[in-house]
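Each remark here refers to the structure printed beneath this line.
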Amino acid sequence: GGVGAQLTPAVFERAVRHGVGPDGRALRIMPAESYQFLTDDDLAAVAAYVRSRPPVDHELPASSLRLLPRALMLAGAMPLLPAEGIAGAAPRAMTITPSPTGAYGEYLANVGGCKGCHGEHLSGGPRGGPPGPPAANLTPGGQLGKWTEQQFVSTLRTGKRPDGTPLSEAMPWRRTGLMTDDEMHAVWQYLRTVPARPYGGR
């Protein structure tokens, strides 16, 4: 089986929220910078789900970094070790009530990793790290500011913009499409409150 049964609540929290493994080493490419905002209740729910899965015997080979990721990491252009960028405990609630509000939408955007690609201010632009498409401006200062809520929801569910062009495969629309209507509305409400910024300010 896997390591799930061996993870105590404290070890699981340290891995998910802080990107640190049971041996004290930083975990590579663990999106802890987003997961650090999980409420206590949601983190416990994720842990319970992981422990509920049937064990699978699957021996993984030792991980290693290829030349490009290693060079980018050494140059500081690719955050392979998110633990290094997490300073202390992020402010978080013990629980949060799902609701179609901007406050809940901000929570979903934080734990969903929106800022990891679109930038701290959600204004998009080229990302640091390996070559890839630049992220879109999600503030009212970008194209999203001209969309309706219906167009926003349709795009996140179908992977196609209002003009019919497809989203980049880097955008996980197949996952965002699983959100409920209330969750979609909450994220939309949150994005309406973000200050408008020019494209590329990250």
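Quick notes on this structure:
- Long-range amide H partners of residue 167 with built H, under 5 Å: 160, 161
- Near residue 140: Cβ cut-off under 12 Å, other residues only, Lys/Arg at +1 and Asp/Glu at -1. The net charge is +3.
- A full extension of the chain between residue 158 and residue 181 corresponds to an added length of 6.9 nm, given 0.36 nm per residue minus the alpha carbon distance.
- A cut-off under 13 angstrom between Cβ atoms defines the neighbours of residue 12, and their net charge, with Lys, Arg +1 and Asp, Glu -1, is 0.
- Assuming charge only on the beta carbon of Lys and Arg (+1) and of Asp and Glu (-1), the dipole of region 102-193 about its Cα centre is about 240 debye to the nearest 20.
- Protection proxy ranking of 42-55, 18-31 - average other beta-carbon atoms within 10 Å, highest first: 18-31, 42-55
- Amide H contacts under 5 Å for residue 135, placed H, 5+ residues apart: 125, 127
- Here, region 90-129 is characterised by an Rg to Rh ratio of 1.06, where Rg is the alpha-carbon radius of gyration and Rh the Kirkwood radius.
- Long-range HN-HN contacts of residue 20 with modeled amide H, under 5 Å: 15, 27
- On the basis of the beta-carbon distance and an R0 of 30 Å, residue 49 and residue 170 show a calculated FRET efficiency of 0.70.
- Interatomic Cα distance distribution for region 102-193, bins of 10 angstrom, percent: 16, 55, 27, 1
We did not get these values from a lab; they are worked out from the coordinates using the rules stated. Note that this is a predicted model, so its numbers are computed, not measured. Here Cβ is always computed from backbone atoms with ideal geometry, including for glycine, and neighbour counts include all displayed protein chains.
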